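Comments concern the structure below.
Coordinate-derived values only; no laboratory data. Being a predicted model, the structure only gives us computed values, none of them experimental. Ideal geometry is used to build each Cβ from the backbone, glycine not excepted, and the neighbour counts take in all protein chains shown.
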Amino acid sequence: MIQTDILIIGAGPTGLFTVFEAGLLKLRCHLIDALPQPGGQCSELYPKKPIYDIPGLPEILAGDLTKNLLEQGKQFQPGFTLGERAETIEKQEDGSFIVTTNKGTKHQAPIIAIAGGLGSFEPRKPLIENITNYEDKGVSYFIKDPEVYRNKRVVISGGGDSALDWCVFLADIASEVTLIHRRNEFRGALDSVERVQELKLIGKINLITPAEVVDIHGDDHVEAITVKKGDKNIHLETDYFIPLFGLSPKLGPIGDWGLEIEKNAIKVDTLDYQTNIPGIFAIGDVNTYEGKLKLILCGFHEATLMCQSAYKILNPGKKFVLKYTTVSGINGFDGSRK
Ligand code: FAD
């Protein structure tokens with residue numbers, strides 16, 4: 001059982017900044033995210049796009065903002081459960097909550113901060129009848145650790161940046177890389193497309209287009225796939241099949257936690273962004289209230305006010321005197337529990 005003061009569901013920019021604000025108040029945080037890496041939409045959807053409306057930073061790439069937020073929060077040593085989706089929540093007699101993920105990891109905290117953005121990103125799966133039988137047995141929809149594929153045969157399908165970039169990366173690691181796409185044209189960045197073509201010319205990537213995977217074979221693990229190209233069916237032996245068709249956001253299991261939901265978002269009190277369940281807060285893109293704007297800086301503000309309220313819940317009767325980090329420094333910022 002992982003225990004913490006504030007359990008943050010969602011490691012997007014809002015969740016990451018919560019770690020810093022909570023840390024200033026000496027509250028510990030643990031984050032759960034369905035994605036294998038932190039950063040939410042910033043790292044999953046647009047890491048290389050510049051953002052122009054972060055106060056004090058005239059221009060910053062979304063990927064760099066994520067790096068900076070991680071750096072800013074690191075001193076407070078947050079814990080992470082990545083690649084797992086928060087699935088269920090149970091209230092305990094002592095008022096705390098137990099959140100269990102789809103992989104069975106249990107987390108206990110008196111305060112829950114849902115920073116789930118547009119929801120957990122679910123992989124778009126190809127329509128292959130038996131694909132679910134091979135999940136985690138050679139089929140995966142994310143690449144968490146490229147070393148798994150060292151000296152193995154890998155088939156990737158998809159036509160976007162993710163498929164192209166991973167093919168290029170794995171060309172030096174895997175024994176054989178095949179890219180299959182249902183069109184001859186790719187949607188990814190031009191330089192990634194050119195790199196794939198170069199690697200094809202020197203025999204480091206096999207390219208099969210326009211084509212699609214229609215069947216998977218193997219007893220306990222993927223051993224081969226059937227690829228349909230025009231009228232022909234090609235039998236291709238492989239150790240791994242990785243469809244990278246993008247991710248679609250879904251509010252998912254959080255929608256069944258008894259929270260008041262409006263238009264696929266969680267209703268909150270703007271006093272401190274608490275939901276209809278005391279002790280559960282919703283901050284960032286996942287919440288809704290009159291005048292709500294889905295912007296990173298709004299998530300930062302909501303996280304800050306939420307942490308003040310969480311402090312009061314966890315330290316009843318203790319007076320908190322607000323100071324500035326410029327005055328107290330980070331380490332000296334003890335939240336002045338009096
Ligand atoms: P998210 O970034 O969506 O992160 C939520 C995280 O929660 C995700 O990682 C998700 O996997 C996880 N999660 C959800 N449910 C679960 C669950 N049950 N279990 C585990 N994990 C879960 N905003 C700006 O301010 N300026 C801009 O210039 C700007 N440009 C943008 C450009 C694009 C192309 C897009 C798509 C958005 C842009 N935005 C911009 C919006 C901005 O990205 C969002 O406001 C911001 O990401 C919200 O942060 P968040 O942390 O609340 O949620």
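Normalised by the number of residues in the chain, what is the relative contact order in percent for Cα pairs under 8 Å and 6+ residues apart?
Working: 703 pairs, mean separation 62.9, N = 338.
Result for the chain is 19 percent.
Among the listed pairs Lys48/Lys74; Lys48/Lys267; Lys144/Lys294; Lys49/Lys294, which have their C-alpha atoms separated by more than 25 angstrom in this model?
Working: Lys48/Lys74 23 Å; Lys48/Lys267 32 Å; Lys144/Lys294 29 Å; Lys49/Lys294 17 Å.
Among Lys48/Lys74; Lys48/Lys267; Lys144/Lys294; Lys49/Lys294, the Cα-Cα distance tops 25 Å for Lys48/Lys267; Lys144/Lys294.
How much length is gained if the chain between Lys294 and Glu198 is pulled fully straight, taking 0.36 nm per residue apart and subtracting their Cα-Cα distance, in nm to one decimal?
Contour length minus the Cα-Cα distance gives 30.5 nm.
If I take the Cα coordinates of the chain and project them onto the principal axes, what are the three extents in Å, biggest first?
The principal-axis extents, from largest down, are 74, 45, 37 Å.
Please list the non-local residues whose amide H lies under 5 Å from the amide H of Ile2, H modeled 1.01 Å from N, same-chain partners needing a gap of 5 or more.
Amide H neighbours of Ile2, under 5 Å, 5+ apart: Lys106, His107, Gln108.
What length, rounded to one decimal in nm, is gained on full extension from Glu59 through to Lys74, with 0.36 nm per residue of separation minus their alpha-carbon distance?
Details: separation 15, 0.36 × 15 = 5.40 nm, distance 2.29 nm.
Net length gain for the segment: 3.1 nm.
What distance in nm separates the two pseudo spin-label positions at Asn315 and Ile173, each 7 Å out from Cα along the beta-carbon direction?
4.4
Which percentage, to the nearest 5, of the DSSP beta bridges contained in the chain is antiparallel?
Numbers: 31 of 64 bridges.
In the chain, approximately 50 percent of DSSP beta bridges are antiparallel ones.
Each label point is 7 Å from the Cα along the Cα-to-Cβ direction; what then is the distance between the points at Glu262 and Arg183, in nm?
It works out to 3.9 nm between the two label points.
Report, by chain and number, residues whose modeled amide H sits under 5 Å from the one on Ile261, excluding near sequence neighbours (fewer than 5 apart, same chain).
Result for Ile261 returns Lys267.
Looking at the calculated P(r) for segment 204-281, what percent of the C-alpha pair distances fall above 16 Å?
Working: 2029 of 3003 pairs.
Value for segment 204-281: 68 percent of Cα pairs lie more than 16 Å apart.
What's the FRET efficiency of Leu45 with Lys137 using the Cβ-Cβ distance as r and R₀ = 22 Å, to the nearest 0.05? Display every interim value, and only then the final one.
On the way: r = 29 Å, r/R0 = 1.30.
After rounding, the FRET efficiency stands at 0.15.
Work out from phi, with θ = phi - 60° and the Karplus expression 6.51 cos²θ - 1.76 cosθ + 1.60, the ³J(HN,Hα) of each residue of segment 244-251, listed in order in whole Hz, and give x for Gly and Pro.
Couplings: 10, 9, x, 10, 10, x, 9, 4 Hz.
Across 10 Å bins from the origin, how do the percents of Cα pairs in segment 5-51 run, short distances first?
Percent of pairs per bin, in order: 29, 46, 22, 3.
Nearest 0.05, what FRET efficiency do Lys228 and Ser96 give at R0 = 51 Å with Cβ-Cβ as r? All intermediate terms of the calculation are to be shown ahead of the outcome.
On the way: r = 53 Å, r/R0 = 1.03.
In this case the efficiency is close to 0.45.
What is the set of long-range amide H partners of Phe80 at a cut-off below 5 Å, with H atoms built 1.01 Å from backbone N?
For Phe80, whose amide H was placed from the backbone, the distant partners under 5 Å are Leu31.
Could you check the spin-label model distance between His235 and Glu122? Points 7 Å from the Cα along Cα→Cβ, value in nm.
3.5
Got a sec to turn the phi values of segment 24-37 into Karplus ³J(HN,Hα) couplings, 6.51 cos²θ - 1.76 cosθ + 1.60 with θ = phi - 60°, whole Hz, x for Gly and Pro?
Coupling constants for segment 24-37: 4, 9, 6, 9, 8, 10, 9, 10, 10, 9, 5, 7, x, 9 Hz.
Normalised by the empirical 2.2 N^0.38 Å for globular proteins, what value does the Cα Rg of segment 148-218 take?
Details: Rg = 11.5 Å, N = 71, 2.2 N^0.38 = 11.1 Å.
Cα-based Rg divided by the globular estimate yields 1.03.
Please arrange Cys307, Cys298 by counting, for each residue, the other beta carbons lying within 10 Å of its beta carbon, fewest first.
Numbers: Cys307 28, Cys298 17.
Fewest to most other Cβ atoms nearby, the residues stand as Cys298, Cys307.
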